[in-house]
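Contents: one structure, followed by commentary.
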Amino acid sequence: MKRAVIIGMGFGGLRTARALAGKGVDVLVIDRRNYHLFQPLLYQVATASLEQESIAYPIRAAIRGWKGVDFRLAEVTGVDLNARRVQLADGSVEYDYLVVAAGSATHFFGMNSIEQHAHEMKQLSHAVRLRNHILDIFERATQESDPEKRRAILSFVIVGGGPTGVEFAGALHELIRDELTRDYPSLSVAETRIVLIEARDTLLPVLPEKLRRYALRQLERMGIEVLLNTQVRGADPEQVLLADGSSLPAHTIVWSAGVQAAPLAASLELPKAANGRIPVQPDLSIAAHPEVFVIGDMAFFQQEGKPLPMVAPVAMQQGEYVGKTILRRMRGETAPPFRYRDKGSMATIGRSTAVANAFGVSFSGFLAWIVWLGLHL
């Protein structure tokens, strides 16, 4: 029986395993965590809207009943492509087919001070740490008598105007307005400041222009300051430094401005593209090793002259495709080239408003929020 090893049980790895389950393949999935993380909702854990267990599901429970699929909790340290062996911190495993779906990591663009002082949201621990930090900030503010210093303590800077930045900004505003100012009656909403910084000239660039304008208006109506065409060059514990030489006093910086391939990509002796991603063939395999597939955030795949974005829907479709391609290979068949079908994008701007573009139809406001809610449920 052929063995397929899948590294990573994110959206792509999960779909690959499901496609191969019960199809006469010995499937081993490897992950350093024993749970599947629903990353798009990490910001809700960070803002106390959801508990940790709501977005973390045990892998063994997920694959229960998937015939031929097994799980190993381990840290992958490298891959010997010639020997067809995955190297682990506690051993190694051999494979006939390998699917690398280890995801991505935060990209700080070489700014060490940002990496040191900013909060990121790629792991469950990051969201929990940020949530606890926000609560600690409010405790500290109650003990500060100087209005100017208290204002700096209660200032939050979010860098990155993509879905994560926009959604976190809206959720943070609601957390402060609806919960924290009631728990801390000595503080007021007027003393808090939320600043969303984006280096480009627009928020949510994947959405149509009218939805981008709507999102900007909604954020500004909520009292969130949006700075477009603004670049960050560094930070320290009490301020964010901007490229134009100015600074923003703030004791909290949340970084959602960049992602890159997971560190595993750098350990593989393969060509690299932008953000450390690995270029793949039309069937998502590696040129010199057709038995190895790379999917999701680690894969660099161009469609119509543009690289596919590092988002969950891409990983899910690629995972499903690779599972079917492996089965075709086993039958001696050739797989058609992979093609991503973009079903749209969406982002919330609070508990009752959102922007969504699905199947070419644009939604905004409460209706878009209902669409977003239905999809995530």
Report His173's accessible area, 1.4 Å probe, all protein chains in place, as a number in Å² to the nearest 10. 30
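Leaving ligands and nucleic acids out of the surface, order Met310, Met330 by accessible area at 1.4 Å, largest first. Let's see the in-between values first.
Details: Met310 40, Met330 75 Å².
Result, largest first: Met330, Met310.
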Quick check: the angle from helix 124-142's long axis to the longest principal axis of the chain, C-alpha only, nearest 10 degrees? 10
Taking the alpha-carbon centre of each part, the distance from the stretch 157-215 to the stretch 258-316 in Å is 31
Scan the chain and report its longest stretch carrying no GluC sites (Glu not before Pro) that are both in a DSSP loop and have at most 16 other Cβ atoms within 10 Å. 145-237
Only four residue types carry charge here, +1 at the Cβ of Lys and Arg and -1 at the Cβ of Asp and Glu. Report the dipole size of the chain about the Cα centre in Debye, rounded to the nearest 20. 1360
Determine the share of the chain's accessible area contributed by carbon and sulfur atoms, expressed in whole percent, with a 1.4 angstrom probe. 49
Tell me, what ³J(HN,Hα) does each residue in the stretch 146-156 have, in order and in whole Hz, if you take phi through Karplus 6.51 cos²θ - 1.76 cosθ + 1.60 with θ = phi - 60° and put x for Gly and Pro? 6, x, 5, 5, 5, 4, 5, 4, 8, 9, 10
What do you get for the angle between helix 312-330 and the principal long axis of the chain? Use alpha-carbon atoms, 0 to 90 degrees, nearest ten. 0
The correct ranking of Ser155, Ser345, Ser186 by accessible area at 1.4 Å, largest first, is Ser186, Ser345, Ser155
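Taking only protein heavy atoms into account and a 1.4 Å probe, give the accessible area per residue of the stretch 219-275 in Å². Don't skip to the answer; put the middle values down first.
Values: 2850 Å² over 57 residues.
That works out to 50 Å² for each residue.
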Have a look at Asp183, Asp236, Asp70 and tell me which one the Gaussian network model of the chain (Cα, springs below 10 Å) gives the largest fluctuation. Asp183
Could you tell me which residue out of Pro309, Ala335, Pro290 lies farthest along the dipole of the stretch 227-377 toward its positive end? Charges go on the beta carbon: Lys and Arg +1, Asp and Glu -1, centred on the Cα centre. Ala335
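Just to verify a number: FRET efficiency for Glu238 and Arg351, C-beta to C-beta distance, R0 = 41 Å, to 0.05? Kindly include the intermediate steps, with their values, before the conclusion.
On the way: r = 31 Å, r/R0 = 0.76.
Efficiency, from the Cβ-Cβ distance: 0.85.
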Area accessible to solvent at Met346, 1.4 Å probe radius, in Å²: 40
Can you tell me the 0 to 90 degree angle between the C-alpha axis of helix 11-20 and the longest principal axis of the chain, rounded to 10? 30
Length-normalised contact order of the stretch 36-139, Cα under 8 Å, at least 6 apart, in percent, tallies to 29
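The values are calculated or read from the model by the stated rules, or taken from the named source; none is laboratory data. Being a predicted model, the structure only gives us computed values, none of them experimental. Please note: Cβ atoms are built from the backbone with ideal geometry, for glycine as well, and neighbour counts cover all protein chains shown. Just the protein is used for accessible areas: all its heavy atoms, side chains included, with ligands, DNA and RNA removed. Shrake-Rupley method; radii C 1.70, N 1.55, O 1.52, S 1.80 Å.
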